[in-house]
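Notes to accompany the following structure.
The values are calculated or read from the model by the stated rules, or taken from the named source; none is laboratory data. Keep in mind that what you see is a predicted model, and the values were worked out from it rather than measured. Note that we place each Cβ from the backbone using ideal geometry, even for glycine, and neighbour counts take in every protein chain shown. The area values use the complete protein model at the heavy-atom level, side chains included, leaving out ligands, DNA and RNA. Shrake-Rupley method; radii C 1.70, N 1.55, O 1.52, S 1.80 Å.
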Amino acid sequence: MSPQCPELVDPERFARQESSSSGSAQLDQFERIAPMLASQEGSVDFRFRFTRDTRHRPLLQGRVEGVLLLQCQRCMEPVDLSVDAEVSLVVVQGLDEAESLEPEFDPLILEEERVNLLQLVEDELLLAIPAVPRHLDCEAATTESGEELETEAVHENPFDVLAQLKKSND
């Protein structure tokens, strides 16, 4: 993480002071996304600004940007995923308060007094990764002989027999 950016911050104090924090983090610092990456080389940039919402609760707004190298699940080749995530988090005290937030805000329920900014960055990266990463114009993987690998198994519908019986009775 960048030297000018603290890892742990007190959102109440930062909101009172209307502080900002920005920096870069190397991808190899993020343990939770490591298994999803084809390469841990590179970095992500982030910037956060702490203010207060209309109810005077700490509000953290910002952006997380970077490029993740994932493995295409169709051709198994590397695929770049550009991340440009907007962050709008309001510190709330519990689930009831979280449910009453305006739709443009996400809740941030604190387990401790301070927030780990790197964990917030990693959370946003996790949310940006699709369930099945793939190229937009990807060709299916092939064997050495050039035959296309079967990517989805074709299963017969067990109710097809009933449909045929119904047709024969009509």
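So here's what we get for this one:
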read-out	value
Filter result (surrounded by fewer than 16 Cβ atoms within 10 Å (Cβ to Cβ) and among the polar types (S, T, N, Q)) within the range 1-28	Ser2, Gln4, Gln17, Ser20, Ser22, Ser24, Gln26
Selection from the range 131-146 of residues that are at pLDDT 80 or above and loosely packed, with under 11 Cβ neighbours inside 10 Å	Ala131, Val132, Leu136, Asp137
Residue list for the range 79-94, restricted to those being at pLDDT 90 or above, open to solvent by 20 Å² or more (accessible area, probe 1.4 Å) and over 15 Å from Glu122 (Cα atoms)	Asp80
Matching entry among Glu113, Glu124 (being buried (at least 17 other Cβ atoms within 10 Å of the Cβ) and not polar (S, T, N, Q))	Glu124
Check on Arg32, open to solvent by 20 Å² or more (accessible area, probe 1.4 Å) and without any contact (Cβ under 8 Å) to a residue 40 or more places away in the chain	no
